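A short worksheet on the structure shown next.
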Amino acid sequence: MADKQMILVTGACGQIGTELVSALRVKYGTQQVIATDIRDATVDVSLHGPYYRLDVMDKDALYKLVSQHQVTHIYHLAAVLSATGEKSPLTAWDLNMRSLLNVLEVARTEKLKQVFWPSSIAVFGAKAPKESCPQYALTVPSTVYGISKVAGEQWCQYYHEQYGLDVRSIRYPGLISYSAKAGGGTTDYAVDIFQQAVNNSYYHCYLLENTRLPMLYMPDAVRATLELMDAPAEKISVRTSYNLAGISFTPQELAAVITDYIPDFRIDYQPDKRQQIAESWPSSIDDRQAREEWGWKPAFDIKAMTADMLLHTEREVISTDCLES
Ligand code: SER
């Protein structure tokens, strides 16, 4: 039996939140997972359990929910992503940092048991190796999103070292999913391409055909998150954030696999500003530490992911915009 947990999720209507909330409810019980977001609830997260509108920048509102519901765990997913962040850098910095500090503070003062916070491959920049980028490569990012993730990782480690807070984190690659739309990221093409392939047999890609990026299918990402949070504390040596790898591919390679299922699928390429962001990131990630310390292993390769995405994209209606990838 899983430990009794009272879980609060921020950014619950986003790309990760939509699926993580469901997985947490299955694992811990519907009433044990309070979904929150700044927006009105989407059907996925509100129909099946408690939902509250929460602006996580509002410290008092966050404290109130935590104490009213005797929250023990927070999964803090609300954030502005890389491409949106570049349009309004100071807003992105303010939201990403202040919301994290609000969560870390409430966790410290209310003695919460655990916090999960996602970091990203965006922590890496031009000074990091492109191939198999190591856990401790230089983190000199070129986006404000990356800067906020590097700073956030340091804050997580600080709260762990100074206050003993059990905060855990994963540097997610680009996440691919069908339940909720990706929104505002550089890796979003790998989600949008499926909708366009199914509906129009055509995709106009904003990255160049040979832009290789690290990606991960959402079922793997959700499982990784639950496994990291379940791992015994003595196995967790990284208190900034763990590198995590799934699949690395280029738009051209993904298009080729989609063509196996949709033979008349066509793609063309016209890079926009996101190309520069993509080029600043590694093309593959060395996640040895996650594998060795808490047993991480991805299940989906590009073929299995594509088959599953196409199966569900045909059946599902895309329902939300996302805050975090
Ligand atoms: N998916 C994110 C983005 O593209 C990276 O973590 O911004």
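Looking only at residues of segment 105-159 that are under 22 Å from Leu226 (Cα atoms) and among the charged types (D, E, K, R), we find that the one that is surrounded by the most Cβ atoms within 10 Å (Cβ to Cβ) is Lys149. Screening Thr139 with (1) touching a residue at least 40 places away in the same chain (Cβ under 8 Å); (2) within 15 Å of the ligand (Cβ to nearest atom); (3) not acidic (Asp, Glu) gives one miss only, at (1).
May I ask you to verify whether Ala78 is among the small types (Gly, Ala, Ser), assigned to a helix (DSSP H, G or I), within 16 Å of the ligand (Cβ to nearest atom) and crowded, with 19+ Cβ neighbours inside 10 Å? Steps first, please.
Values: among the small types (Gly, Ala, Ser): yes; assigned to a helix (DSSP H, G or I): no; within 16 Å of the ligand (Cβ to nearest atom): yes; crowded, with 19+ Cβ neighbours inside 10 Å: yes.
So Ala78 does not fit the description; no.
Filter segment 76-108 down to the residues that are under 13 Å from the mean Cα position of the chain (by Cα) and within 19 Å of Val33 (Cα to Cα) and list them by number. Write out each step before concluding.
Start the filter on segment 76-108 by keeping residues that are under 13 Å from the mean Cα position of the chain (by Cα), which leaves 76-82.
His76, Leu77, Ala78 - these are the residues of segment 76-108 that are under 13 Å from the mean Cα position of the chain (by Cα) and within 19 Å of Val33 (Cα to Cα).
Across segment 156-208, the number of residues qualifying as modelled with pLDDT of 95 or more, within 10 Å of the ligand (Cβ to nearest atom) and over 17 Å from Ile258 (Cβ atoms) comes to 6.
Looking only at segment 89-104, which residues are buried (at least 20 other Cβ atoms within 10 Å of the Cβ) and basic (Lys, Arg)? Explain how you work it out, then say what you get.
Start the filter on segment 89-104 by keeping residues that are buried (at least 20 other Cβ atoms within 10 Å of the Cβ), which leaves 92, 95-96, 99-100, 102-104.
Correct list: empty.
Within segment 242-254, the only residue that satisfies the criterion of being under 23 Å from Tyr28 (Cβ atoms) and assigned to a strand (DSSP E or B) is Tyr242. Taken across segment 58-75, residues that are farther than 22 Å from Met229 by Cα, modelled with pLDDT of 95 or more and under 21 Å from the mean Cα position of the chain (by Cα) do not occur at all.
With the requirement that a residue be small (Gly, Ala, Ser), at negative phi and part of a loop (DSSP other than H, G, I, E, B), what does segment 11-43 give you?
In the first step, residues of segment 11-43 are kept if they are small (Gly, Ala, Ser); the result is 11-12, 14, 17, 22-23, 29, 35, 41.
After this cut, where a residue has to be at negative phi as well, the list is 12, 14, 17, 22-23, 35, 41.
Ala12, Gly14, Ala41, listed by residue number.
Cβ-Cβ distances below 6 Å connect the following pairs, each with a first residue in segment 4-29 that is without any contact (Cβ under 8 Å) to a residue 40 or more places away in the chain, a second residue that is polar (S, T, N, Q), and a separation of six or more residues or different chains: Tyr28/Gln5.
Among Arg239, Arg223, which is the only one that is part of a helix (DSSP H, G or I), surrounded by fewer than 22 Cβ atoms within 10 Å (Cβ to Cβ) and of a type in the set (Lys, Arg)? Spell out how you get there, then give the answer.
Working: Arg239 fails: part of a helix (DSSP H, G or I).
Selected residue: Arg223, the only one of Arg239, Arg223 that is part of a helix (DSSP H, G or I), surrounded by fewer than 22 Cβ atoms within 10 Å (Cβ to Cβ) and of a type in the set (Lys, Arg).
Can you name the residue in segment 209-220 that is in a helix (DSSP H, G or I) and within 23 Å of Gly146 (Cα to Cα) and is also farthest from the ligand (Cβ to nearest atom) among such residues? Among those residues, the one meeting the criterion is Asp220.
Restricting the search to strands (runs of 3 or more DSSP E) fully inside segment 110-178 and requiring at least 3 residues that are closer than 20 Å to Leu95 by Cα gives 114-120, 167-172.
What is the residue count in segment 272-302 for residues that are assigned to a loop (DSSP other than H, G, I, E, B), more than 15 Å from the ligand (Cβ to nearest atom) and either surrounded by 15 or more Cβ atoms within 10 Å (Cβ to Cβ) or touching a residue at least 12 places away in the same chain (Cβ under 8 Å) (or both)? Please lay out each step first, then the result.
Step one: filter segment 272-302 for residues assigned to a loop (DSSP other than H, G, I, E, B), giving 272-273, 281-284, 286-287, 295-301.
Next, from what is left, pick out any that are more than 15 Å from the ligand (Cβ to nearest atom): 286, 295-301.
If we keep only those that are either surrounded by 15 or more Cβ atoms within 10 Å (Cβ to Cβ) or touching a residue at least 12 places away in the same chain (Cβ under 8 Å) (or both) too, we end up with 286, 295-296, 298-301.
Number of matching residues: 7.
Taking Val45 as the residue in question, decide whether it is under 27 Å from Glu227 (Cβ atoms), buried (at least 21 other Cβ atoms within 10 Å of the Cβ) and either at pLDDT below 95 or of a type in the set (Phe, Trp, Tyr) (or both). In short, yes.
The values are calculated or read from the model by the stated rules, or taken from the named source; none is laboratory data. The shown structure was predicted, so the numbers you read here are calculated from the model rather than taken from an experiment. Cβ atoms come from the backbone with ideal geometry, glycine included; neighbour counts cover every protein chain shown.
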